[in-house]
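Heads up, the thing below is written out as structure tokens.
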Amino acid sequence: MTTWEMAPTWWQRSARDVVQALRRGEVNTEELLESLERRLRAPEVAALRLVEAECFGRARSIHGKGDGAPGDLHGLPILAKATHAVEGVPFSLGLLRHAGRLAAGNDPLVQHIESKRGGIVYATSNAPALAMGGHTFNAVVGGTRNPHNPERSAGGSSGGSAAALAVGAAWLAMGSDLAGSCRTPASFCGIVGMRPSPGVVPKAGSKQELGEEEIFNTLRFENGPLARDVEDLALFLDAMDPNVITEEESYQYAAHATERKWRVAWTADFGGTAPVDPGVAQLCKQAATLLADGNLTHDAPDVSDAPRIHFLLRAHLLSNRHGNLVEEGMADLPEETLWQLERGQLVPKSEIDWARRAKATYAKRFDDFMRGQDIMACPAAPVPPFPAQERWVRHVNDIQMSSYVEWLRHAYVISLADVPAISLPCGWTSDGLPVGIQLVARRGQDRLLISAAASLQRKVQQHLEATGQKTFGSVLEHLQDAQHINKLPPMPKL
């Protein structure tokens, strides 16, 4: 009988508990891989379609050779995102034309985690085609369903990562975030997701390779961590950030330095420019009030020009990255992806030049606002998880959204400012769906943000316990039957 069968089930435990057990020799990586493999292949978990590809053989080979450094993670299995290349593992980016394609090498983040920090990748999580969109579905794997209610969306684009964490199919998961791709799934699945400041986490085109001006007048993906709670997220961010050396520099240290009076600015809708469901706004404001402890102000920076700036820079970025796909053929491109890529090819250079200048001004204006606050709080997503068969949220409070990305405005107005942001659960809807609040700090104040999130997490848990509600941070053990899930209305494919 193996250790994981005698002890409390390993997949139910926190990442930090499992890492400590690895260090003490109470469990080994092989036993953890066995535990994850069984959990992922349980019929009720497999029916949620959490991963694009498993690579347990590769993980066992790395462990058996002793190739990974002990590092912070000490052999902990890690879930990568489908957009993070893992050498020799399927890498389709959600497109049928690339189905069966194997990655030729490792993404810089995968390489860093495995060679420097002691993590071992065992699977890649499902994501929408080209990671474009706030709902996780594609023609290769299908759609990821929300484990809290399989009739609802898990969010996107890191939906597979977030859902896997919620059901115990991962301890820590990699994500990437352009317009909420870590934060929206975290809100929908009741876990924690973060978009760090630019350059904190390694990736191609990182801060070490680009000048400050080039970073802050462009729109960028940022790699970020997802975890079940703030302390686990801090553990993973310590592993992701190559500049964390001492304990005092660590995000885990920050997660325990929570005793202070927080200056918190609250906004539900950024002065009416970002529609939000009233129930979501109420839960998030309640949480912001808990964090502020009587020091809450109602204020927000001017984000009225964000939609135009974001549309232009997003169209330019994604067209530059993937515009060739339109020329190669459109048959396997989702309608939203095709719309985005075609728009990008039509934007004149003068408009892009304007958007870059406007973004730099926008980020400066946002920073000026944040100088008077420790934290800004707002909803992480404007709605609870929406029906899984829908492609995207078309209306918020009866206000029509102009495109597949406009309902993500609470997230992208933050991305444009190049500031760190974190989504953590703050309450439940009347029908039992999780809601996440977004906390934002000034650029470079990621540790302060972690401290605030840990403080709020504790206060929210205390509030939920005092009012007889379910708390967050534990694995969802009792899932709907696989046969029921498989009979649900189909999710989109293309």
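The values are calculated or read from the model by the stated rules, or taken from the named source; none is laboratory data. Remember, it's a predicted structure, so these values are computed and weren't measured experimentally. Glycine also receives a Cβ, built like all others from the backbone with ideal geometry; neighbour counts cover every protein chain displayed.
Residues of the stretch 282-300 that are in a strand (DSSP E or B) and touching a helix residue (DSSP H, G or I) at 6+ places or on another chain (Cβ under 8 Å): 296 alone. Restricted to helices (runs of 4 or more DSSP H) entirely inside the stretch 327-442, those with at least 2 residues that are polar (S, T, N, Q) are 335-346, 349-370.
Give the residues of the stretch 475-487 that are surrounded by 15 or more Cβ atoms within 10 Å (Cβ to Cβ) and part of a loop (DSSP other than H, G, I, E, B), sorted by residue number.
Answer for the stretch 475-487, where residues must be surrounded by 15 or more Cβ atoms within 10 Å (Cβ to Cβ) and part of a loop (DSSP other than H, G, I, E, B): 475, 476, 479, 480.
Within the stretch 120-151, restricting attention to residues that are of a type in the set (S, T, N, Q) and touching a Leu at 6+ places or on another chain (Cβ under 9 Å), the residue that is farthest from residue 175 (Cα to Cα) is 149.
The number of residues in the stretch 23-51 that are within 21 Å of residue 484 (Cβ to Cβ), basic (Lys, Arg), in contact (Cβ under 8 Å) with a residue 12 or more places away in the chain and assigned to a helix (DSSP H, G or I) comes to 1.
Candidates are the residues of the stretch 141-174 that are more than 17 Å from residue 42 (Cβ to Cβ) and hydrophobic (A, V, I, L, M, F, W, C); the one that is surrounded by the most Cβ atoms within 10 Å (Cβ to Cβ) is 162. Give the stretch 449-472 a look and list any residue that's in contact with a helix residue (DSSP H, G or I) (Cβ under 7 Å, 6 or more places away or on another chain) and part of a helix (DSSP H, G or I), or say none. Matches in the stretch 449-472: 450, 451, 452, 453, 454, 455, 456, 457, 459, 460, 463.
Taking the conditions exactly as written (surrounded by fewer than 17 Cβ atoms within 10 Å (Cβ to Cβ) and in contact (Cβ under 8 Å) with a residue 24 or more places away in the chain), does residue 273 satisfy them or not?
Judged against the criteria, residue 273 is a match.
Residues 299, 332, 305: which one is under 17 Å from residue 354 (Cα atoms) and among the charged types (D, E, K, R)? After ruling out the rest, the residue left standing is 305.
Suppose we filter the stretch 9-22 for residues that are outside any helix (DSSP H, G or I) and not charged (D, E, K, R); how many remain?
Residues flagged as outside any helix (DSSP H, G or I) and not charged (D, E, K, R) within the stretch 9-22 amount to 2.
Just one residue in the set 324, 295 is more than 17 Å from residue 440 (Cα to Cα) and polar (S, T, N, Q); that residue is 324.
If you take the residues in the stretch 88-118 that are polar (S, T, N, Q) and in a loop (DSSP other than H, G, I, E, B), which one is surrounded by the most Cβ atoms within 10 Å (Cβ to Cβ)? Out of the qualifying residues, it is 92. Return the pair list, or none, for Cβ contacts closer than 7 Å from residues in the stretch 448-465 that are more than 15 Å from residue 437 (Cα to Cα) and free of Cβ contacts under 8 Å to residues at least 12 places away in the same chain to residues that are of a type in the set (S, T, N, Q) and not in a helix (DSSP H, G or I), at least 6 apart or on different chains. Within 7 Å, the pairs are 465/471. Here residue 321 meets the list (1) modelled with pLDDT under 95; (2) of a type outside the set (Phe, Trp, Tyr); (3) buried (at least 18 other Cβ atoms within 10 Å of the Cβ) almost entirely, failing just condition (3). Would the stretch 60-70 turn up any residue that is in a loop (DSSP other than H, G, I, E, B) and modelled with pLDDT of 95 or more? No, every residue in the stretch 60-70 fails to be in a loop (DSSP other than H, G, I, E, B) and modelled with pLDDT of 95 or more. Look at the stretch 144-159: where a residue is more than 17 Å from residue 178 (Cβ to Cβ) and a partner is part of a loop (DSSP other than H, G, I, E, B) and of a type in the set (S, T, N, Q), sitting 6+ places away or on another chain with Cβ atoms under 7 Å, you get 144/126; 144/136; 150/480; 154/136; 154/144.
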